[in-house]
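Below is one structure; the comments refer to it alone.
Each value in this text was obtained by applying a stated rule to the coordinates, not by laboratory testing. Keep in mind that what you see is a predicted model, and the values were worked out from it rather than measured. FYI the Cβ positions are ideal-geometry reconstructions off the backbone, even for glycines, and counts take in every protein chain you see.
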């Protein structure tokens with residue numbers, strides 16, 4: 001019996017339940033649904049954590065060695081980050097835009113070819129302490145960007161013409177658009193330094209393994225593209241004429257670039273970074 | 001003002017605009033995509049087979065086949081660098097002034113107009129007492145402060161985290177340092193790749209030493225998957241072994257600023273250790289005597305055909321012939337069509353230098369017509385090589401220094417905040433009114449709560 005696969009399934013279904021609960025809370029404003037959503041999120045996060053633990057025990061290395069393992073780490077960071085935000089800012093409705101993302105992430109993970117699921121020893125290139133540091137910090141960054149993506153979508157919905165600042169309708173329950181904008185910034189201000197550390201530690205590692213810290217490999221280049229977009233976002237937010245909607249669109253483009261950096265490069269573009 | 005300085009001023013003004021930064025960043029992001037869609041640095045043949053000759057022509061004209069080194073991509077990067085430098089220089093002095101010379105003596109209107117403000121009115125105490133209490137609370141909350149005392153009206157300016165203001169400057173300077181490091185590496189460094197045969201000593205270009213490969217081996221997991229590639233290397237300088245180290249992936253050898261990385265391995269395509277031949281009867285095709293083994297570059301007598309001697313002089317792993325230049329070469333590093341070349345001597349005189357094919361024994365007779373027997377290649381023992389990536393990069397430490405500095409800048413910019421408070425203490429007949437205003441450079445939501453909590457602390461401290 002491979003425990004990690006069992007925990008994967010539990011996490012998978014739990015995130016579906018949680019996503020439905022948060023969506024239900026958003027549309028019905030039922031307080032109990034909201035409470036249940038938070039409680040179930042904790043359980044789901046624990047199952048997610050148990051996947052990471054059991055996988056580490058089974059494989060003998062950190063669960064960062066391929067797309068399958070890293071995706072489950074991604075959802076863990078995303079949901080943990082979300083819960084932190086929910087408690088700090090007391091906003092449940094954001095869950096309706098984050099939890100479906102976590103569930104969707106596991107749906108695509110479950111569609112990966114079976115060979116990704118099997119426990120493999122590390123190949124020579126991955127045997128380095130930099131694996132842990134590089135992947136860990138990169139994925140904290142990814143989690144921040146995914147949160148900001150959900151928040152930016154909410155911001156765009158909220159700041160549409162005709163959408164009321166408060167009151168009725170599904171949009172009415174959203175936090176103020178200025179709060180959404182600020183939180184989207186906060187999550188990017190979290191993700192951006194971690195992505196940067198991820199890129200730099202990747203360079204340090206590449207310098208050890210391949211003899212060059214930067215070779216314009218597709219993975220490296222796409223990480224830089226994502227970095228450029230979020231750098232543009234950070235500058236847009238303090239530039240007249242670029243604040244608000246334009247900045248939100250930049251945040252969404254950044255997330256799309258990140259998704260391609262993560263998945264597209266692995267499947268579409270050939271390169272050195274052939275693990276995930 | 002001369003025309004020249006007018007132009008310089010205009011250019012300077014242009015590059016101080018953040019809009020320019022945003023446009024440059026987005027352009028770099030968009031353009032960079034191109035170089036990932038079209039594979040970089042492939043051979044002309046490969047491009048033509050994918051895109052056709054016409055498209056390939058245009059790709060090379062624009063430079064997309066080696067995009068990140070084209071003049072226009074470098075120009076875009078340089079413009080961004082210029083933008084960073086000018087913005088930093090342009091903003092720094094006024095920023096420094098605003099932080100080092102805080103305005104303490106602000107008006108009541110200024111405080112009440114701040115986005116975070118509160119008031120505590122009718123405190124029964126004298127202004128000087130209130131001031132002491134306020135300062136105590138500020139100290140407890142680790143604020144630094146300055147006081148402007150005019151007796152009846154006292155203004156306290158408190159602040160913390162002023163270095164957070166310079167986080168973005170530190171980060172921007174770091175980016176320039178990293179860029180400079182990469183330029184140093186490009187100018188004074190070099191990159192090379194050398195496949196070196198096991199047992200061979202190879203002089204390394206651009207250095208004054210040699211590398212000897214003592215051994216190459218692969219470690220396997222119990223499951224049969226590859227665990228590690230290893231090469232046992234010696235550094236030879238002036239005929240002496242200076243250093244010996246086993247390198248593997250993620251563990252290079254370092255000597256005199258040059259690093260040697262385990263990069264690949266395989267069987268040599270231009271040399272063998274030894275080859276095995278048999279002599280056969282031309283008529284009956286039957287083997288005569290025992291097989292003959294010849295080492296590389298060795299000359300031996302052919303047993304059974306005593307007039308003849310054979311020397312092993314050449315090898316290609318995948319035989320191909322260039323008709324134009326009349327040379328033999330190997331088509332690939334695979335051992336798909338191995339062939340050895342021998343020198344054939346008769347009575348001590350060189351008579352021919354034929355190629356023998358392992359896959360096509362006896363295709364071309366080797367011996368002359370006078371001989372009743374012929375020589376056939378039956379086997380060979382290949383030599384293993386280890387592929388070493390070689391690199392010297394004197395800029396790399398500059399890059400790492402810049403990276404650490406960048407980290408510091410990010411901590412200041414993203415995780416620390418510059419907070420300022422102004423507290424106006426004004427006596428109003430026998431009571432005192434206190435107005436408090438606060439400002440933060442970012443992270444307003446969090447500050448709103450912190451500010452309100454602080455106002456409550458003042459209230460509790462003053463009306464006990």
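If neighbour count is taken as other Cβ atoms inside 10 Å, put B:428, B:87 in order from fewest to most. Could you put the intermediate results ahead of the total?
Values: B:428 11, B:87 20.
Result, fewest neighbours first: B:428, B:87.
When the alpha carbon gyration tensor of segment B:155-237 is reduced to an equivalent ellipsoid, the three semi-axes, largest first, read 50, 23, 10 Å. A crude spin-label estimate for the pair residue B:121 and residue A:6, with each label 7 Å from Cα along the Cβ direction, gives 6.8 nm. Its residues counted as N, the protein assembly as shown yields a C-alpha radius of gyration over 2.2 N^0.38 Å of 1.30.
Based only on Cα atoms, what mean projected area does the convex hull of segment B:308-377 have, in nm²? Write out the running numbers ahead of the final one.
On the way: hull surface 20.6 nm².
Reported value for the Cα convex hull: 5.2 nm².
For a quick check: sort B:213, B:31 by the number of other beta carbons within 10 angstrom, fewest at the front.
Sorted ascending by nearby Cβ count, the order is B:31, B:213.
With coordinates expressed along the principal axes, the C-alpha atoms belonging to segment A:123-276 extend over 58, 29, 26 Å, beginning with the largest. Taken as Cα centroids, segment B:348-400 and segment B:166-213 sit 33 Å apart, rounded to the nearest whole angstrom. From most to least packed by mean Cβ count within 10 Å, the peptides B:57-68, A:245-256 give A:245-256, B:57-68.
Within the P(r) computed for segment A:28-155, what percentage of the Cα pairs occupies the region above 23 Å?
Values: 2906 of 8128 pairs.
Considering segment A:28-155, 36 percent of its Cα-Cα pairs are separated by more than 23 Å.
Give the Kirkwood hydrodynamic radius (Å, one decimal) of segment B:203-325, defined as one over the mean of 1/r across all pairs of different Cα atoms. Across segment B:203-325, the inverse of the average 1/r is 18.8 Å. Measuring max minus min along each principal axis, the C-alpha atoms of segment B:1-110 give extents of 75, 38, 20 Å (largest first). Sorted largest first, the spans of the alpha carbon positions of segment B:1-45 along the three principal axes are 57, 23, 8 Å.
Given all pairs of different Cα atoms, what value in angstroms does the Kirkwood hydrodynamic radius of segment A:194-236 take? Kindly include the intermediate steps, with their values, before the conclusion.
On the way: mean 1/r = 0.0923 Å⁻¹.
Evaluated on segment A:194-236, it is 10.8 Å.
If you average the alpha carbon positions of segment A:199-237 and of segment A:87-163, how far apart do those two centres end up, in angstrom? First find each Cα centre; the distance between them is then 19 Å.
Please report B:7, A:238 as a ranked list, fewest other C-beta atoms within 10 angstrom at the top and most at the bottom. List each step's numbers first, then the result.
Values: B:7 10, A:238 13.
Lowest count first: B:7, A:238.
Once both labels are positioned 7 Å from their Cα atoms along Cα-to-Cβ, the gap between residue B:72 and residue B:326 label points is 4.7 nm. As a ratio to 2.2 N^0.38 Å, the alpha-carbon radius of gyration for segment B:96-228 is 2.35. At q = 0.09, 0.16 Å⁻¹, work out log10 I(q)/I(0) for chain A with the Debye formula, treating every Cα as an identical point scatterer and leaving solvent out; two decimals please. After summing over all Cα pairs, the log10 values are -0.43, -1.25. Normalising by residue count, chain B has a Cα convex hull of 294 Å³ per residue.
According to the Kirkwood relation over distinct C-alpha pairs, the hydrodynamic radius of segment B:351-456 is 23.5 Å. Each of residue A:39 and residue A:118 was given a label point 7 Å from its Cα along the Cα-to-Cβ line. The distance between the two points is 4.2 nm.
As a check on your grasp of the helix formula, calculate [θ] at 222 nm for the protein assembly as shown: sum -39500 (n - 2.57) over DSSP H runs of n ≥ 4, divide by the residue count, round to the nearest 500. Kindly include the intermediate steps, with their values, before the conclusion.
Values: 18 runs with 358 residues, N = 740.
Taking each H run of at least 4 residues, the total per residue is -16500 deg cm²/dmol.
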